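Take a look at the structure below.
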Amino acid sequence: MSTEQDAPEGSRMSATPEPPLLRLSGVHSGYGPVPVVHDVTLAVREGEICALIGANGAGKSTLLRTISGLLRPTAGTVEFAGTDITRDRPEAISLRGLVQVPEGRRVFHGLTVRENLELGLWKRKVTAPEERERLEWTFSLFPVLEHKLRARAEVLSGGEQQLLAIAQALVAKPRMLLIDEPSLGLAPLAAERVLATVAKLRTTGLTVLLVDQAVERVLGLADRAYVMRTGRIVAEGPAARLREGPALQEAYLGTLADSD
């Protein structure tokens, strides 16, 4: 008869998995009387890149805004690092280490690259040496920005502005990033560069929940994925399995079939 001692190490580990860093349970949210997200339950483990994919209007960005506190859920709970943050304000959630990079390259165009990065330290008590250390760490991931510290953000290319938006969040040294549509509106080469940089975040131990329309590329860099359709999670699993199996086509393209 097999015992726990006889069991392979991997099976013992899987029997007692670490609790997820982010956990959503039965979350509903929307805009005023208009419901958008319906009964969403998901979990993201520490150190993984998790993709959230689906057609336009599926509710992905609304879900990220709900997690980060920009929208208040109408039902369900959001937990981060074992703490219920469902009713926390956005700045309190950010200070806990859960930071959102919104879509649309949201940087301050009239400020320099350095000034934009320094805004990432807002309300964070860091010494001058700590600030230098954080900037140097960020530049190791985004070397192109180090050479443009004095340039205003408005003169950067679209891809560089998106990298700056991600870098601004990273300067805060978060435990987890919510990244919304980083390749949106970029030329193919710039989009590829931005997503390659997101993939590099794996080496830092950072946890990422990533939304993007570049489905094949995102599933190629993610560990696991959730598929949304009309505000609901309709498929989930290892990214490689979703990428190769029928679940993605059935869930993601189902909106096309429904319109026939």
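Relative to the dominant Cα principal axis of the chain, helix 188-200 is inclined by about 80°. Between the stretch 135-161 and the stretch 23-37, the C-alpha centres lie 36 angstrom from each other. Normalising the Debye intensity of the stretch 89-149 to I(0), with uniform scatterers on Cα atoms only, and taking log10 at q = 0.15, 0.19, 0.21, 0.25 Å⁻¹ returns -0.53, -0.87, -1.05, -1.33.
For the chain, excluding the exposed loop sites themselves (trypsin sites (Lys or Arg not before Pro), DSSP loop, at most 10 other Cβ atoms within 10 Å), the longest remaining stretch covers 1-122. Note on the stretch 11-133: Rg/Rh from Cα positions, Kirkwood definition for Rh, rounded to two decimals, is 1.02. Could you run the Debye sum over the Cα atoms of the chain, one equal point scatterer each and no solvent, and tell me log10 of I(q)/I(0) at q = 0.14, 0.16 Å⁻¹, two decimals? Reported log10 I(q)/I(0), two decimals: -0.99, -1.25. Annotation for GLN213 and GLU46: the two label points, set 7 Å from Cα along the Cα-Cβ direction, are 3.6 nm apart. The Rg/Rh ratio for the stretch 111-177, using Cα coordinates for both the radius of gyration and the Kirkwood hydrodynamic radius, is 0.94. Counting only alpha carbon atoms, the long axis of helix 128-141 and the longest principal axis of the chain meet at about 60°.
Bear in mind these aren't lab numbers, they're just calculated from the coordinates by the rules spelled out. Since we're looking at a predicted model, the values are computed, not measured. Don't worry about glycine lacking a Cβ; one is built from the backbone with ideal geometry, like all the others, and counts go over all protein chains shown.
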